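Reviewing the structure listed below.
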Amino acid sequence: MTWMHGRFAPTTLLSLLVAGSLALSACGSDTNADAPAVDDTQGDPQTSSFDVEVSGEGQSTQVSGSQDNDQASDETWGAAIANGVITILMQNDTGVAISTTVDTSLNTYADSTFTVGTPPEGTFVSLLDVMATTTFSSQGQGSIELTSCPKAIGDKVVGSFKNIVLKDDQGPGTRTLNGSFDVMVYAMTGSLNCEPADSGDNGDNGDNGDNGDNGDNGNNTCESHDYCNDTPGVCCPYTSCLASCNLSCFMEDAECAGGMNPAACAICANNCLDSCDVSTECRSALTELITCEEEAGCDTIEDEDASIACTESACCAEIKVTY
């Protein structure tokens, strides 16, 4: 079951979110307390990082991590964008993971401040402490400020958490997040609505956006199709809900167990079709798209970018009906 036009299967999304501490330690995650200041509209050209204070119950803990930009992927941590929804995972080598979903359609521009809500819809934050086996979710208090507006894979999502209150999913405890993040985008479908530059002085940003190449990324037959924007498909009304629901499967479903049981995770993700009240037309379109992917062999390609390019080349008609 493909997760909407972002081409993330539920098991892929869940593996992105779990990205266990063993994988991170193998990739050399480390603290970033002494990282130099970077351009808050472009991010660090070499490193992805985060530095967040987690406070509560009279204590405060600094959760920090960094990795080379080229390590950002669904096997480590990073940012993925689909249909205007930004999904970010950040995790350190002690097994503390912060997952963030920002639905940029809630504001005029993506590079602005978003009020945090409660999962599984809209903009929300979750924290997972693997060692303590506890999870916390945002409860409608606090905000996320994005100071960058990524236009292509390789750009950075730069921003900060501001007084975000999280509640223990299993008990009465709370935590408050404050801090910054600078994370590379490793997967992107569609585009974000970026605030126009004040002057031509911001040439770098303009050059980056000059990428009318955004559609050229895969050099495929669907390069001119602006997902869910120019001619929205039958599944476009449900993409945000499905993305949020899939994340909840990882964070909250006991059987899925944080991605440890892929079969249960897939069942949970498929149940999202019902909880998001997905229409019969959308379900049929998804089935035809998945069938096309499988017949073309796109679903067996491990490299995410190559798999997306394969689907867009082989199944353009199905994509346009769906998204």
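A few comments on the model shown:
- The stretch 106-112 - phi-based ³J(HN,Hα) in whole Hz, Karplus 6.51/-1.76/1.60, Gly and Pro as x: 6, 10, 5, 10, 6, 8, 7
- Within-10-Å neighbourhood charge of M184 [Cβ basis; K, R +1; D, E -1]: -4
- Accessible surface calculations at 1.4 Å, restricted to protein heavy atoms, place the stretch 238-322 at 46 Å² per residue.
- Across the accessible surface of the stretch 34-105, with the other protein chains kept in place and a 1.4 Å probe, carbon and sulfur atoms take up 40 percent.
- The alpha-carbon of K151 sits under 30 angstrom from the alpha-carbons of these lysines, leaving out residues fewer than 8 places away in its chain: K162, K320.
- Anisotropy class assigned to the stretch 37-124 is oblate, per the alpha carbon gyration tensor with a/c at or over the 1.5 cut-off and a/b no larger than b/c.
- Accessible area in the full protein assembly, largest first, 1.4 Å probe, for I144, I267, I308: I267, I308, I144
- Filtered GluC sites (Glu not before Pro), the stretch 35-99: DSSP coil and at most 15 other beta carbons within 10 Å: E57
- GluC sites (Glu not before Pro) restricted to DSSP loop in the stretch 233-320 with at most 15 other C-beta within 10 Å: E255, E302
- For the stretch 47-189, the per residue solvent-accessible surface stands at 34 Å², with DNA, RNA and ligands left out and a 1.4 Å probe.
- Peptide packing: for 160-172, 83-95, 102-114, the average count of neighbouring Cβ atoms within 10 Å per residue gives the ranking 83-95, 102-114, 160-172, highest mean first.
- Remark: the Cα gyration tensor places the stretch 47-189 in the oblate category, a/c being 1.5 or greater and a/b not exceeding b/c.
- Percentage, to the nearest whole number, of Cα pairs in the stretch 238-322 over 17 Å apart: 57
The values are calculated or read from the model by the stated rules, or taken from the named source; none is laboratory data. All values reported here derive from a predicted model rather than from experimental measurement. Because the Cβ atoms are built from the backbone with ideal geometry, glycine has one as well, and the counts that use them run over all protein chains shown. Areas reflect the complete protein model, heavy atoms only, side chains present, ligands, DNA and RNA absent. Shrake-Rupley method; radii C 1.70, N 1.55, O 1.52, S 1.80 Å.
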